[in-house]
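Please treat every number below as a calculation from the coordinates, not as lab data. All values reported here derive from a predicted model rather than from experimental measurement. Virtual Cβ from ideal backbone geometry, glycine too; neighbours counted across all protein chains shown.
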C-alpha cells in the first residue's frame, strides 16, 4: 500500500514551491515521484500535429519527489502517514492514519 495516492491533497515541504498545496494527479512509484496539480509547472513548446491542432507554448506539470511532499490531514495540516489494520468481520484491511491525531485518512 502506498503512502500517497491519486486524488490526495498534499503540501510541498521543500524547494521553490514550498508551502504550496495541490492534488496528486499521478503517482510514479518506480521513479519515486508524484505529479501535483499546479506545482512545478514548466513551459513546453509544442509543435502543431494532426492530433494536436493548436501549437504553441503550453504549461506542463512536472514530477516532484515523493519525500518533498506531505499528505494533508483536515485537522492538523501537513502530516506524516502511518498504517494500521482495520478488521471488519473476518476481513482485515490496511488503512492510512495521521501520525499526529490518529485519524483515518
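Gain on full extension, evaluated as 0.36 nm per residue between residue 41 and residue 58 minus their Cα-Cα distance, stands at 5.1 nm. Note on residue 20 and residue 83: their simple-model spin labels are 3.1 nm apart, each label 7 Å out from Cα toward Cβ.
Here the simple spin-label model places points 7 Å from the Cα toward Cβ, and for residue 48 and residue 91 these points are separated by 5.3 nm.
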